[in-house]
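What follows is a single structure, written as structure tokens, with notes after it.
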Amino acid sequence: MKLLERFRDALKEDGGLTDQKVDEAFSVSSESRDPLDRVLLTRGFLTEKQMLRVFSRAMALPLLENLTEATIPAEFVEKVSVQFARGQNLAAIGEADGVFQVATCNPFDFHPLDELALMLGRTILLVLAPKSEITALINKAYQKKMDVVDEMLEDLEDDEMAGLAREMEDGHDLLDMANKAPIIKLVNMIMFQALKMRASDIHLQPYEEKLQVRYRVDGILYDMMTPPKKIQEAVISRIKIMGKMDIAERRLPQDGRATIKVGDNEVDVRISSVPTSHGERIVMRLLDKSARLLDLRELGLDGEQFPIMDKLVRCSHGVLLVTGPTGSGKTTTLYASLKSINSTAKNVLTIEDPVEYQVNGISQIEVSAKKGLTFATGLRSIVRQDPNIIMVGEIRDGETADIAIQSSLTGHLVFSTLHTNDAPGAITRLLDLGVEPYLVASSLVGVVAQRLVRLICKGCKEETEVTEEGLASIGITPDRCPAMQLWKGRGCDRCLGTGYHDRTGIYEILPINDQIRDQVVAKTSSTTIKQEAVRHGLRTLRMDGAIKVLQGRTTIEEVMRVTQMDVV
């Protein structure tokens, strides 16, 4: 059978198109001279997932819908530039017997494939994968490439810094100094180094005799470089210029934002400055716009928890709260929940501070206190936009809580976050905000408390002996670990010598049943609600952490760091 006929059959069987739609697509492609696959996608005939299934069937190519476990071979990273890989959406995912297996989302674009084969000097075999998966894989592989930062370090000589320090002493204009090449280069280097190390935040902390640069990686702060104290003002002014902040105002806190590009990759930078006794302290939050949104199954929910969470996010109406401290992954969980239920049949709106990730098919609103757009005022407007699902970035006050609950009672599903230590604590917090107990009881469908624990580095993972006291500290009895052996990371270059690399979530999921509703109306304390829930099978944060310790994914010390003792 010819390829064209196979393609027509696949469009009807895998794409679900009628003969009329197929003929229309071919006709538009012929008239506009656009490739058929582009016509099918831009005209909305097929989604990318359906398109890839059509390609797979018609061209007999394997289809991989998830590349999280794949790694790009070092030879590919060495020989192929990041610009080419990103621009053409091509990434090798394996190599055997001199043949590279290459993932693509557009197998009809033959010229880049020929060019890639020449670059590698090898035969290539194609597999199909979604564009977002290929992009995420490329970003992960090329971030480890050292040359960008190393070249900057080589260019940034000590004598340049010394020269700048002398100029600062001579009373040069600060604005002029902040725009000098070495200062710009130093600030860029600080940011690129942070991205390479997967940092979420950069701290510039002034002391009496030095300026300390610190990176937060996997939730832990590490001291990095210490630029000369004499150029502190120039460095801070440069960052404030980037964030469109007032460099003359040093007595009041300020906020700013900037966007930096690393190749084709855009990173949103949120900048905060506060005055201290030794100069302004700067914190920059890095948000990678091209980061792949996680699915619910990738968050760390295990076999028992996933069905409960999946059921909660698919409720027709009600309020689902995710709780935890700042930086515990609440927003990531909400985005994963939205991603799992988002469809063309549903109208999904969010109001956030700030919008951290762009999600296709979802209308996202960013709050702006200066313009009078708060969570409460934005939520009032959203309700009039005929939504099915609403996500509120955070419930901060009674007004927002009231509107969110009233929205759920009128048939909407509302997702939001709260700052509480555990799941039952969210109920008490809503009551403290002034919401009537009967409204909380009738609207709340579930509360999810979460923390992030660091994972043991796969590059240096090894077995270690453990004592009964160590196991008991997180509630593990010896019969659950008869060999008295667990795992830890020895420490290597990949994990900065910490023994940990990357993070996963631990969860406490509390579905609201009739018994808990009665307790809420009776204003029962959160401790009593938790004790009852545990007796009926609630898995607390520490219990979930203990399971991940026994699975060899994290350590006792890490679980104890992020959880508190269960009061049961």
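Show the residues, 5+ positions off or on another chain, whose built amide H is closer than 5 Å to the amide H of T417.
Correct list: V322, E394, I395.
Rounded, prolate or oblate for the range 284-391? Axes are the square roots of the Cα gyration tensor eigenvalues, ordered a ≥ b ≥ c, and the cut-off for rounded is a/c under 1.5. Spell out each step's value before the answer.
Values: a/c = 1.72, a/b = 1.25, b/c = 1.38.
Judged from the Cα gyration tensor, the range 284-391 comes out oblate (a/c at least 1.5, b/c at or above a/b).
Using a 1.4 Å probe on the protein heavy atoms only, what accessible surface does S368 show? Give it in Å² to the nearest 10.
30
I want the antiparallel fraction of DSSP beta bridges within the chain, as a percent rounded to 5. Please report the intermediate quantities before stating the final value.
On the way: 56 of 86 bridges.
The antiparallel fraction comes to roughly 65 percent.
Under a Cβ-only charge scheme (Lys and Arg +1, Asp and Glu -1), can you give me the dipole magnitude of the chain about the Cα centre, in debye to the nearest 20? It would help to have the intermediate numbers written out before the result.
Numbers: 70 positive and 82 negative charges, 214 e Å.
Dipole of the chain, to the nearest 20 debye: 1020 debye.
How long is the gain from T377 to T527 if the chain were fully straight, where each residue apart is worth 0.36 nm and the alpha carbon distance is subtracted? Before the final figure, lay out the partial values.
Numbers: separation 150, 0.36 × 150 = 54.00 nm, distance 3.38 nm.
That pair, T377 and T527, stretches by 50.6 nm at full extension.
Probe of 1.4 angstrom, ligands and nucleic acids ignored: what's the accessible area per residue over the range 430-514, in square angstrom? Intermediate values should be presented prior to the final figure.
Working: 3980 Å² over 85 residues.
I get 47 Å² per residue for this part.
Under a plain spin-label model, where a point goes 7 Å from the Cα along Cα-to-Cβ, how far apart in nm are A60 and R535?
6.5
Round to the nearest 10 and report in Å² the accessible area of F110, as given by a 1.4 Å probe over the protein chains' heavy atoms.
The value for F110 is about 120 Å².
Can you give me the solvent accessible area of D402 with a 1.4 Å probe, rounded to the nearest 10 Å²?
Surface accessible to solvent at D402 totals approximately 60 Å².
Name the residues of the range 370-409 whose amide N is less than 17 Å from a point 7 angstrom out from the Cα of A345 along the C-beta direction?
387-389
Order E249, E352, E366, E78, most accessible first, counting only protein heavy atoms with a 1.4 angstrom probe.
Working: E249 35, E352 5, E366 65, E78 140 Å².
Greatest to least solvent exposure: E78, E366, E249, E352.
Among Y142, L126, S32, whose Cα sits farthest toward the positive end of the charge dipole of the range 1-150 (+1 at Cβ of Lys/Arg, -1 at Cβ of Asp/Glu, about the Cα centre)?
S32
Scan [x] 52, 27, 21; [y] 60, 32, 25; [z] 38, 37, 28 for the value of semi-axes √(5λ) of the Cα gyration tensor in Å calculated from this model and give just the label.
Recomputing semi-axes √(5λ) of the Cα gyration tensor in Å here gives the entry labelled [z].
Just the number, please: Stokes-Einstein D of the range 325-444 in µm²/s, Kirkwood Rh from C-alpha pairs, 37 °C, 0.692 mPa s.
Result for D is 223 µm²/s.
Among the lysines, select those whose C-alpha is under 18 Å from the C-alpha of K488, and discard any that sit fewer than 8 residues away in the same chain.
The qualifying lysines are K458, K461, K548.
Could you tell me which of rounded, prolate or oblate describes the range 188-263, using a ≥ b ≥ c as the square roots of the eigenvalues of the alpha-carbon gyration tensor, with rounded for a/c under 1.5 and, failing that, prolate when a/b is larger than b/c and oblate otherwise? Present the calculation step by step, with values, prior to reporting the outcome.
Values: a/c = 1.74, a/b = 1.20, b/c = 1.45.
Taking the square roots of the gyration eigenvalues as a ≥ b ≥ c, the range 188-263 is oblate.
With a 1.4 Å probe and all protein chains in place, put V322, V283 in order of accessible area, largest first.
Details: V322 0, V283 40 Å².
So the residues, ranked largest to smallest area, are V283, V322.
Sort by residue number and name the cysteines in the chain that have no neighbouring cysteine Cβ under 4.7 Å.
C105, C315, C481
The values are calculated or read from the model by the stated rules, or taken from the named source; none is laboratory data. All of these numbers come straight from a predicted model, not from anything done at the bench. Using ideal geometry, Cβ is built from the backbone for each residue, glycine included, and neighbour counts are taken over all protein chains shown. The accessibility values were calculated without ligands, DNA or RNA, using every heavy atom of the protein model including side chains. Shrake-Rupley method; radii C 1.70, N 1.55, O 1.52, S 1.80 Å.
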